[in-house]
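Enquirer: Sharing a structure, written as C-alpha coordinates. Questions coming.
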Amino acid sequence: EVQLVESGGGLVQPGRSLKLSCAASGFTFSNYYMAWVRQAPKKGLEWVATISTSGSRTYYPDSVKGRFTISRDNAKSSLYLQMNSLKSEDTATYYCARIPPGRLPFFDYWGQGVMVTVSS
Amino acid sequence: DIQMTQSPASLSASLGETVTIECRASEDIYNGLAWYQQKPGKSPQLLIYNANSLHTGVPSRFSGSGSGTQYSLKINSLQSEDVASYFCQQYYNYPLTFGSGTKLEIK
(Lines give C-alpha, C1' and ligand atoms only; values in the text may rest on other atoms or scores of the structure.)
Protein backbone atom coordinates (compact mmCIF):
# COMPACT_ATOMS: atom_id res chain seq x y z
CA GLU A 1 0.00 0.00 0.00
CA VAL A 2 1.35 3.39 -1.01
CA GLN A 3 1.86 5.64 2.00
CA LEU A 4 3.10 9.21 2.14
CA VAL A 5 3.49 10.76 5.57
CA GLU A 6 4.40 14.43 5.92
CA SER A 7 5.97 16.04 8.97
CA GLY A 8 7.71 19.23 10.05
CA GLY A 9 4.87 21.73 9.91
CA GLY A 10 4.01 24.31 12.53
CA LEU A 11 3.87 27.99 13.36
CA VAL A 12 6.72 30.14 12.04
CA GLN A 13 7.32 33.88 11.90
CA PRO A 14 7.43 35.76 8.60
CA GLY A 15 10.91 35.76 7.09
CA ARG A 16 11.96 32.57 8.88
CA SER A 17 12.57 29.09 7.47
CA LEU A 18 10.98 25.67 7.83
CA LYS A 19 11.74 22.25 6.36
CA LEU A 20 9.04 19.72 5.59
CA SER A 21 9.65 16.00 5.20
CA CYS A 22 7.67 13.23 3.55
CA ALA A 23 8.33 9.57 4.31
CA ALA A 24 7.31 7.25 1.51
CA SER A 25 6.58 3.53 1.67
CA GLY A 26 4.80 0.83 -0.28
CA PHE A 27 6.54 1.55 -3.59
CA THR A 28 10.04 1.93 -5.04
CA PHE A 29 10.54 5.60 -4.22
CA SER A 30 13.58 6.10 -6.44
CA ASN A 31 11.54 5.25 -9.56
CA TYR A 32 9.04 8.09 -9.19
CA TYR A 33 8.98 11.81 -9.71
CA MET A 34 7.53 13.50 -6.61
CA ALA A 35 5.89 16.82 -5.84
CA TRP A 36 4.53 19.18 -3.22
CA VAL A 37 1.09 20.75 -3.53
CA ARG A 38 -0.43 23.20 -1.05
CA GLN A 39 -3.88 24.38 -0.09
CA ALA A 40 -4.49 27.61 1.79
CA PRO A 41 -7.33 27.45 4.35
CA LYS A 42 -10.70 27.11 2.63
CA LYS A 43 -8.99 27.65 -0.75
CA GLY A 44 -8.03 25.68 -3.82
CA LEU A 45 -4.95 23.68 -4.67
CA GLU A 46 -1.61 25.18 -5.76
CA TRP A 47 1.33 23.21 -7.15
CA VAL A 48 4.55 24.09 -5.31
CA ALA A 49 7.39 21.95 -6.65
CA THR A 50 8.32 18.81 -8.62
CA ILE A 51 11.52 16.77 -8.54
CA SER A 52 12.85 14.11 -10.90
CA THR A 53 13.82 10.61 -9.83
CA SER A 54 17.50 11.45 -9.33
CA GLY A 55 16.87 14.93 -8.03
CA SER A 56 18.76 16.52 -10.89
CA ARG A 57 15.70 18.31 -12.25
CA THR A 58 13.37 20.51 -10.24
CA TYR A 59 10.43 22.71 -11.20
CA TYR A 60 8.73 25.56 -9.32
CA PRO A 61 6.04 28.18 -9.93
CA ASP A 62 7.10 31.81 -9.77
CA SER A 63 5.33 32.22 -6.39
CA VAL A 64 7.99 30.12 -4.59
CA LYS A 65 10.96 30.10 -6.99
CA GLY A 66 14.11 31.24 -5.22
CA ARG A 67 12.59 30.73 -1.76
CA PHE A 68 11.63 27.03 -1.73
CA THR A 69 13.86 24.05 -2.54
CA ILE A 70 12.61 20.53 -3.16
CA SER A 71 15.02 17.64 -2.60
CA ARG A 72 15.02 13.92 -2.00
CA ASP A 73 17.02 11.13 -0.39
CA ASN A 74 16.31 7.92 -2.30
CA ALA A 75 18.21 5.82 0.22
CA LYS A 76 15.78 6.98 2.90
CA SER A 77 12.69 7.07 0.64
CA SER A 78 12.18 10.64 1.73
CA LEU A 79 11.13 13.89 0.10
CA TYR A 80 11.84 17.34 1.49
CA LEU A 81 10.77 20.93 1.05
CA GLN A 82 13.04 23.65 2.41
CA MET A 83 11.05 26.85 2.74
CA ASN A 84 12.94 30.12 3.27
CA SER A 85 11.82 33.74 3.59
CA LEU A 86 8.33 32.61 4.49
CA LYS A 87 5.40 34.95 3.93
CA SER A 88 1.90 34.99 5.38
CA GLU A 89 0.58 33.86 1.99
CA ASP A 90 2.56 30.62 2.38
CA THR A 91 0.15 29.59 5.15
CA ALA A 92 -1.40 26.35 3.92
CA THR A 93 -1.65 22.61 4.27
CA TYR A 94 1.24 21.09 2.33
CA TYR A 95 0.74 17.75 0.62
CA CYS A 96 3.41 15.38 -0.60
CA ALA A 97 2.25 13.71 -3.83
CA ARG A 98 3.49 11.00 -6.16
CA ILE A 99 3.67 11.39 -9.93
CA PRO A 100 2.84 8.12 -11.67
CA PRO A 101 5.04 6.19 -14.11
CA GLY A 102 5.19 7.90 -17.49
CA ARG A 103 5.98 11.13 -15.63
CA LEU A 104 2.99 13.06 -16.84
CA PRO A 105 2.79 15.44 -13.89
CA PHE A 106 -0.51 14.62 -12.30
CA PHE A 107 -0.71 13.06 -8.83
CA ASP A 108 -1.86 9.51 -8.20
CA TYR A 109 -1.28 9.36 -4.44
CA TRP A 110 -1.28 12.09 -1.80
CA GLY A 111 -0.20 12.27 1.81
CA GLN A 112 -2.51 13.41 4.60
CA GLY A 113 -0.94 16.86 4.62
CA VAL A 114 0.90 19.02 7.14
CA MET A 115 -0.14 22.51 8.24
CA VAL A 116 2.22 25.46 7.99
CA THR A 117 1.16 28.74 9.58
CA VAL A 118 3.22 31.86 8.92
CA SER A 119 2.37 34.53 11.46
CA SER A 120 4.01 36.85 13.94
CA ASP B 1 0.45 30.29 -17.54
CA ILE B 2 -2.61 28.19 -18.44
CA GLN B 3 -5.70 29.33 -16.53
CA MET B 4 -8.30 26.73 -15.57
CA THR B 5 -11.86 28.04 -15.18
CA GLN B 6 -14.07 25.57 -13.33
CA SER B 7 -17.85 25.70 -13.01
CA PRO B 8 -20.08 25.70 -11.13
CA ALA B 9 -18.47 26.75 -7.85
CA SER B 10 -21.10 24.81 -5.94
CA LEU B 11 -23.71 22.27 -6.82
CA SER B 12 -26.61 20.67 -4.98
CA ALA B 13 -28.20 17.52 -6.35
CA SER B 14 -30.41 14.66 -5.22
CA LEU B 15 -29.34 11.08 -4.63
CA GLY B 16 -29.44 9.09 -7.86
CA GLU B 17 -29.10 12.19 -10.07
CA THR B 18 -26.43 12.76 -12.68
CA VAL B 19 -24.20 15.82 -12.26
CA THR B 20 -21.64 17.42 -14.55
CA ILE B 21 -18.73 19.69 -13.64
CA GLU B 22 -16.90 21.69 -16.30
CA CYS B 23 -13.35 22.94 -16.71
CA ARG B 24 -12.21 25.30 -19.43
CA ALA B 25 -8.53 25.87 -20.17
CA SER B 26 -7.19 29.19 -21.48
CA GLU B 27 -5.46 27.29 -24.30
CA ASP B 28 -5.43 23.82 -25.80
CA ILE B 29 -4.13 21.31 -23.21
CA TYR B 30 -4.32 18.24 -25.48
CA ASN B 31 -6.14 16.04 -22.93
CA GLY B 32 -3.54 16.74 -20.25
CA LEU B 33 -6.21 16.97 -17.59
CA ALA B 34 -6.87 15.24 -14.28
CA TRP B 35 -9.82 15.34 -11.89
CA TYR B 36 -9.53 14.98 -8.12
CA GLN B 37 -12.05 14.44 -5.34
CA GLN B 38 -11.44 15.92 -1.89
CA LYS B 39 -13.76 14.83 0.89
CA PRO B 40 -14.13 17.14 3.91
CA GLY B 41 -11.00 17.07 6.07
CA LYS B 42 -9.18 14.67 3.75
CA SER B 43 -6.47 14.90 1.11
CA PRO B 44 -7.34 14.93 -2.60
CA GLN B 45 -7.76 11.62 -4.42
CA LEU B 46 -7.20 11.06 -8.14
CA LEU B 47 -10.34 10.17 -10.11
CA ILE B 48 -9.54 10.70 -13.78
CA TYR B 49 -6.36 11.32 -15.81
CA ASN B 50 -5.69 11.97 -19.50
CA ALA B 51 -9.15 13.57 -19.52
CA ASN B 52 -11.03 10.27 -19.67
CA SER B 53 -9.03 7.44 -18.01
CA LEU B 54 -10.41 6.13 -14.74
CA HIS B 55 -7.85 5.74 -11.93
CA THR B 56 -7.57 2.35 -10.26
CA GLY B 57 -10.38 1.65 -7.82
CA VAL B 58 -12.56 4.59 -8.83
CA PRO B 59 -16.23 3.63 -9.32
CA SER B 60 -17.43 3.50 -12.91
CA ARG B 61 -20.17 6.07 -12.19
CA PHE B 62 -17.39 8.65 -12.58
CA SER B 63 -16.38 9.55 -16.12
CA GLY B 64 -14.39 12.26 -17.87
CA SER B 65 -14.65 13.67 -21.35
CA GLY B 66 -13.58 16.59 -23.47
CA SER B 67 -10.83 17.83 -25.72
CA GLY B 68 -9.01 21.00 -26.65
CA THR B 69 -9.94 23.58 -24.04
CA GLN B 70 -13.23 22.11 -22.73
CA TYR B 71 -13.45 19.20 -20.30
CA SER B 72 -16.08 17.74 -18.02
CA LEU B 73 -16.49 15.31 -15.15
CA LYS B 74 -19.77 13.41 -14.94
CA ILE B 75 -21.03 11.56 -11.90
CA ASN B 76 -23.89 9.15 -12.57
CA SER B 77 -26.30 7.90 -9.89
CA LEU B 78 -25.10 10.33 -7.23
CA GLN B 79 -24.44 8.69 -3.86
CA SER B 80 -24.04 10.18 -0.39
CA GLU B 81 -20.31 9.37 -0.34
CA ASP B 82 -19.82 11.65 -3.36
CA VAL B 83 -20.22 14.73 -1.15
CA ALA B 84 -16.87 16.43 -1.70
CA SER B 85 -15.04 19.17 -3.54
CA TYR B 86 -13.83 18.39 -7.03
CA PHE B 87 -10.82 19.97 -8.74
CA CYS B 88 -9.45 19.79 -12.26
CA GLN B 89 -5.74 20.12 -13.02
CA GLN B 90 -3.92 20.68 -16.29
CA TYR B 91 -0.54 19.06 -16.76
CA TYR B 92 0.10 19.86 -20.41
CA ASN B 93 2.52 22.59 -19.40
CA TYR B 94 4.35 24.02 -16.41
CA PRO B 95 3.38 25.69 -14.19
CA LEU B 96 0.82 23.05 -13.30
CA THR B 97 -2.49 24.72 -12.54
CA PHE B 98 -5.75 23.73 -10.89
CA GLY B 99 -9.33 24.84 -11.26
CA SER B 100 -10.86 26.69 -8.31
CA GLY B 101 -13.01 23.72 -7.32
CA THR B 102 -16.66 22.66 -7.20
CA LYS B 103 -18.33 21.87 -3.90
CA LEU B 104 -20.93 19.13 -4.32
CA GLU B 105 -23.69 18.71 -1.77
CA ILE B 106 -26.72 16.45 -1.54
CA LYS B 107 -30.09 18.17 -1.77
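Enquirer: List, in the order given, every pair from A:Lys43/A:Lys76; A:Lys19/A:Lys76; A:Lys43/B:Lys42 whose Cα-Cα distance in the structure shown is over 25 Å.
Expert: Too far apart for the 25 Å limit: A:Lys43/A:Lys76.
Enquirer: If you keep only loop residues by DSSP, which trypsin sites (Lys or Arg not before Pro) in segment A:19-67 have at most 11 other Cβ atoms within 10 Å of their Cβ?
Expert: A:Lys42, A:Arg57
Enquirer: Now, a different point. Take every Cα pair under 8 Å in segment A:12-120 that's 6+ residues apart, average their separations, divide by the length, and report that relative contact order as a whole percent.
Expert: 34 percent
Enquirer: Near A:Leu86, within a Cβ-to-Cβ distance under 14 Å, what is the net charge of the other residues, with Lys and Arg +1 and Asp and Glu -1?
Expert: Here the count lands on +3.
Enquirer: Roughly how many debye, to the nearest 20, is the charge dipole of segment B:7-89 about its Cα centre, given +1 on each Lys and Arg Cβ, -1 on each Asp and Glu Cβ, and no other charges?
Expert: So the magnitude is around 160 debye.
Enquirer: Let me ask something additional. Name the most mobile residue of B:Ala84, B:Ala13, B:Ala51, meaning the one with the largest mean-square fluctuation, in a Gaussian network model of chain B with Cα contacts below 10 Å.
Expert: Of B:Ala84, B:Ala13, B:Ala51, the Gaussian network model singles out B:Ala13 as fluctuating most.
Enquirer: Using the Cα centre as the reference, give the magnitude of the dipole from point charges on the C-beta atoms of the protein assembly as shown (Lys, Arg: +1; Asp, Glu: -1; all else neutral), rounded to the nearest 20 debye.
Expert: Using only the charged Cβ atoms, the result is roughly 460 debye.
Enquirer: With only Lys, Arg, Asp and Glu charged, each at its Cβ (+1 for the first two, -1 for the last two), find how big the charge dipole of chain A is about the Cα centre; round to the nearest 20 debye.
Expert: The dipole of chain A has a size of about 220 debye.
Enquirer: Which residue, B:Asn50, B:Asn31, B:Asn93, tops the fluctuation ranking in a GNM of chain B built on C-alpha contacts under 10 Å?
Expert: Of the options given, B:Asn93 has the highest mean-square fluctuation.
Enquirer: Put simply, what bits of segment A:34-49 lose 40 Å² or more of accessible area when the other protein chains are there, versus the chain on its own (1.4 Å probe)?
Expert: A:Leu45, A:Trp47
Enquirer: Let me ask another. Averaged over A:103-116, how many beta carbons belonging to a partner chain fall within 10 Å of each residue's beta carbon?
Expert: Rounded to a whole number, the mean comes out at 5.
Enquirer: Further question on the same structure: How large a share of the accessible area of chain B, in percent, is made up of carbon and sulfur atoms when the probe is 1.4 Å and the other protein chains stay in place?
Expert: Ligands and nucleic acids excluded, carbon and sulfur reach 44 percent.
Enquirer: Quick one: pull the percent of accessible area on chain A belonging to carbon and sulfur, 1.4 Å probe, ligands and nucleic acids left out.
Expert: About 46 percent, which is the carbon plus sulfur part of the accessible surface.
Enquirer: With every protein chain kept in place and ligands, DNA and RNA left out, what is the accessible area per residue of the protein assembly as shown? Probe 1.4 Å, answer in Å².
Expert: Normalised by residue count, the accessible surface of the protein assembly as shown is 45 Å².
Enquirer: For a quick check, take a GNM of chain B with Cα springs below 10 Å and name the residue from B:Val58, B:Val19, B:Val83 with the largest mean-square fluctuation.
Expert: Ranking B:Val58, B:Val19, B:Val83 by mean-square fluctuation puts B:Val58 first.
Enquirer: Then there's this: What total accessible surface area, summed over both chains, is buried at the interface between chains A and B, computed with a 1.4 Å probe and given in Å² to the nearest 100?
Expert: Buried: approximately 1600 Å² between B and A.
Enquirer: Ok, one more. Output the relative contact order of chain B, whole-number percent, from Cα pairs under 8 angstrom with separation of 6+ residues.
Expert: Relative contact order for chain B comes out at 39 percent.
The values are calculated or read from the model by the stated rules, or taken from the named source; none is laboratory data. The model shown is predicted, which means the values in this text are computed figures rather than measured ones. Note: ideal-geometry Cβ built from the backbone for every residue, glycine included; neighbour counts use all protein chains shown. Ligands, DNA and RNA are stripped out before the accessible areas are found, and what is left, the full protein with its side chains, is counted by its heavy atoms. Shrake-Rupley method; radii C 1.70, N 1.55, O 1.52, S 1.80 Å.
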